[in-house]
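Below you'll find the structure, written out as C-alpha cells, and then a few comments.
Where a number appears in this text, it was derived from the coordinates with a stated rule and is not lab data. Note that the structure is predicted; figures quoted are calculated from it, not measured. Here the Cβ is made from the backbone with ideal geometry for all residues, glycine too, and neighbour counts use every protein chain on show.
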Amino acid sequence: MKVSAIHIYPIKSLGGISLHKANLTRRGLEHDRRFMLTNKVGQFMTQRATPMMALLKTKIEGDQLVVWNSQTPKHKIAFPLKPKHFSKQQQVEIWEDTCIANVLDKGINKWFSKQLNQDCQLVYMPEDSHRAIDKRYGKEGEIVSFADGYPILLLGNASMDDLNTRLKEPIPADRFRANILFSGGTPFGEDKWKIFAINTQQFRGVKLCTRCQVPNINQQTGKMEKEPNRTLATFRVIKKKIKVGQNICWEKDKSKGKAMIAVGDIIRKGR
C-alpha cells in the first residue's frame, strides 16, 4: 500500500490544497485547519449550516494563504499563513471544546462576511493555544487544530471505489475531506488499523470518522445532494452512525527520521 494523495485544509470547511509532501506536527499536518471562521461570539462555522463555504478555495503562495470565490475568481484575498497581527484574542467554541484564538483584522473579516452573506470573522490558532483530543481516545498531551476532533483523517481509495460501484453517479474523494488517501488494500480495511507506519513515521488509528451531511455537499457547486449518505446508510451504519475513514494520530516518540510524509510513501501495517 502507498500514499496516493495528501490534502490540507488551512481554513476549516473551505477548499483544500493537494500536496506532494507534508510536514507532521503535534496538531496534524502542517497548516491544516489552523484557521477557522466563526460568528461574532466565537461559535464555529462549517459547511453543515453554510454549504457555500465549499466555494471558497485556498492555495499557498510563499508565506501567504490566498482565498478566492470559485464562482467569482477575481474576488480574492491574501494574508500570512502565520499571522503576527490580529485585532484581539477571543475564546472560540468548536463542538464541545473551547480554546483561545486570535481574531484577524477587520478588513479580512469584512471580505469573508461579504462572500458568505453573513457576519463572520476569521480566527487563527496560535502556538500557545492547546485544544486537547478527547481523553477517551487520546493520550496525555495530544492536541488538535480546529479539525472536528482528531489530527489526521485517513481514507482508502479501495473504499471510495467500493462506494462508487454502488452509486448511480460516482463522486470524488473530496466529499470526505480526508488528509491522506492511499492505494492498495481492501475496501474499508482501514477500519481496523490500529498501529501502522508511513515510511519511517508511526501512526495510531483512534476512531472511525462519524459522518454528518458534509459528504452530500458537492464541493464544486456548494449544493446539497442526497448522495452518498443515502447509499452509505444501507451498508456503513455502525452503532447507529454512518462511518467512513479512520481518524489517526502521529506517534512522534515512536517515529524516526524527518517528520514528513509524501505521496508514494509505503504504508506498513502493524497490528
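A few notes on this one:
- Cα-derived Rg to Rh of the range 152-269, Kirkwood definition: 0.99
- Mean Cβ count within 10 Å, highest first, over the residues of peptides 119-126, 37-44: 119-126, 37-44
- Dipole magnitude (debye, nearest 20) for the chain, charges at Cβ of Lys, Arg, Asp, Glu: 380 debye
- In Hz, Karplus ³J(HN,Hα) per residue of the range 183-192 (6.51, -1.76, 1.60; θ = phi - 60°; x = Gly, Pro): 9, x, x, 10, x, 6, x, 5, 3, 9
- Among 140-149, 221-230, sorting by the average number of other beta carbon atoms lying within 10 angstrom of each residue, highest first, gives 140-149, 221-230.
- Förster radius 35 Å - calculated FRET efficiency between residue 43 and residue 218, Cβ distance, rounded to 0.05: 0.90
- Efficiency of FRET from Cβ geometry, residue 252 and residue 71, R₀ 25 Å, rounded to 0.05: 0.05
- When all alpha carbon pairs of the range 27-129 are counted in 10 Å bins from zero, the resulting P(r) reads 14, 50, 33, 2 %.
- Over the Cα atoms of the chain, the radius of gyration divided by the Kirkwood radius equals 0.95; this is the Rg/Rh ratio.
- Residues with amide H under 5 Å from that of residue 242, placed H, sequence gap 5 or more: 211
- Residue among 108, 37, 49 farthest towards the positive dipole end of the range 27-129, charges placed on Cβ: 108
- Counted charge near residue 168, where neighbours are those whose Cβ lies closer than 13 Å (Asp, Glu -1; Lys, Arg +1): 0
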